[in-house]
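Everything on this sheet refers to the single structure shown next.
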Amino acid sequence: MTSDSTRSRINLNVNGRYHDLDIEYRDTLLDVLRERLDLTGAKRACDRGECGSCTVLVDEKPMLACNLLAVQVRSKAVTTVEGLAQRPDFARILDAFIAEDGGQCGFCVPGFAVAAYAALQHDTPLDATALRWELVGHTCRCNAYDRIAAAANAAVNGGAR
């Protein structure tokens, strides 16, 4: 049993809903999302912040959920891929990934899609090179990078939908 000095009660805003949770201070945001809130879109892969599979938006900026303690985001808005799926402007990301076959096994797609969505929010259009920089740090086990880049480019620059 864990002592009270290692636990915290937090109110976490995830996908626009507040969750009152009793967590351990060491719980990562990824742990809380997947194990406590049953939001499994953010994937556990490297657990070191090297692959991008756990990407979520924190105050609308892409962040790696495996590198954040849940207590660090208690006063911030967290949006997962499940939350983005409720936004009308996210459909163009999904449509582009389907049209361009941008994910063979699909494991990495949520992280790439969240990063592509964040890139879509830029005030100025991104060329293909700048867009690839937005996706740096994301790993695809199937090596579908060209298709993923094509999907992201289509979504961000209006080629899909």
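The values are calculated or read from the model by the stated rules, or taken from the named source; none is laboratory data. Only a predicted model underlies this, so the values are computations on that prediction, with no experimental measurement involved. Cβ coordinates were reconstructed from backbone atoms using ideal geometry, including for glycine residues, and neighbour counts include every protein chain displayed. Heads up: the accessible areas ignore ligands, DNA and RNA and are worked out on the full protein's heavy atoms, side chains in. Shrake-Rupley method; radii C 1.70, N 1.55, O 1.52, S 1.80 Å.
What the table shows:
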quantity: Only Lys, Arg (+1) and Asp, Glu (-1) charged, at Cβ; the chain dipole about Cα centre in debye; calculated: 120 debye
quantity: Local electrostatic count, Y25, Cβ distance below 13 Å [Lys/Arg +1, Asp/Glu -1]; calculated: -1
quantity: Net dipole in debye of the range 90-157 [+1 Lys, Arg Cβ; -1 Asp, Glu Cβ; about Cα centre; nearest 20]; calculated: 180 debye
quantity: Protein accessible area in the range 1-64, 1.4 Å probe - carbon and sulfur %; calculated: 44 percent
quantity: Accessible surface, the chain, averaged per residue in Å² (probe 1.4 Å); calculated: 53 Å²
quantity: Positive-end residue of T28, V114, T139, charge dipole of the chain with Cβ unit charges; calculated: T28
quantity: Relative contact order [Cα under 8 Å, 6+ residues apart], the range 9-161, whole percent; calculated: 25 percent
quantity: Cα Rg over Rh - the range 10-161, Kirkwood; calculated: 0.97
quantity: Sulfur and carbon atoms: percent of accessible area, the range 90-157 [1.4 Å]; calculated: 51 percent
quantity: About the Cα centre, charge dipole magnitude for the range 9-80 (Lys/Arg +1, Asp/Glu -1 at Cβ), debye; calculated: 100 debye
